[in-house]
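Encoded as structure tokens, the structure appears first; notes follow it.
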Amino acid sequence: MAGVLEKQLARALDMRLAVFASKAASGSLLQDEMSLRAAAYMASEIIMPCCCIMCNKAKLEALLSQTKLCAENQELTQRLAALVYDDLARCNGLG
């Protein structure tokens, strides 16, 4: 994926997912399924126009790991990437 596009997506995700920062810092985001799914849905909306570039979970994890929300939390990155991938797959027939 192009470096510039990846940085722009990460910045957009940071702005959109900032509302979950306190839950992520306290570790409660992983225990709150509704908030985790809401974060994934919000991320999916941003990534949707570029979903052909983000065609697998590894690429999604790489992108999400660049965000402030997921930078220090591998488990959160993996869970969020899986949820985003599932949402993109439902909307666009990925798989």
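Extending each Cα 7 Å along its Cβ direction at GLU72 and ASP14, get the distance between those two points in nm, one decimal.
Simple spin-label model gives 1.5 nm for this pair.
Just the projected area, averaged over all directions, of the convex hull on the alpha carbon atoms of the range 4-92: how many nm²?
Computed as one quarter of the Cα hull surface, the answer is 4.9 nm².
Check cross-link reach from LYS57 to the lysines: straight Cα distance under 18 Å, and skip same-chain residues fewer than eight apart.
Reachable lysines: LYS7.
State the percentage of accessible surface on the chain attributable to carbon and sulfur atoms; use a 1.4 Å probe and exclude ligands, DNA and RNA.
Here it works out to 56 percent.
Tell me, what HN-Hα J-couplings in whole Hz come from the Karplus equation 6.51 cos²θ - 1.76 cosθ + 1.60 at θ = phi - 60° for each residue of the range 51-58, using x for Gly and Pro?
So the J values, rounded to whole Hz, are 5, 5, 7, 9, 8, 8, 5, 4.
Scan around LEU29 for amide H atoms under 5 Å from its own, H built in the peptide plane at 1.01 Å from N, and keep only partners 5 or more places away or cross-chain.
ALA24
Alpha carbon centre of the range 40-95 versus the range 15-31: separation in Å?
16
Under 16 Å Cα-Cα from LYS23, which aspartates and glutamates qualify once same-chain neighbours fewer than 8 residues away are excluded?
LYS23 reaches ASP14, ASP32, GLU33, GLU72, GLU75.
With each run of n ≥ 4 DSSP H residues scored as -39500 (n - 2.57), what mean residue ellipticity at 222 nm is computed for the chain after dividing by its residue count and rounding to the nearest 500 deg cm²/dmol?
Per the formula, -21000 deg cm²/dmol.
The values are calculated or read from the model by the stated rules, or taken from the named source; none is laboratory data. Because the structure is predicted, anything quoted here is derived from the model rather than measured. Please note: Cβ atoms are built from the backbone with ideal geometry, for glycine as well, and neighbour counts cover all protein chains shown. Side chains included, ligands, DNA and RNA excluded: accessible areas come from the protein's heavy atoms. Shrake-Rupley method; radii C 1.70, N 1.55, O 1.52, S 1.80 Å.
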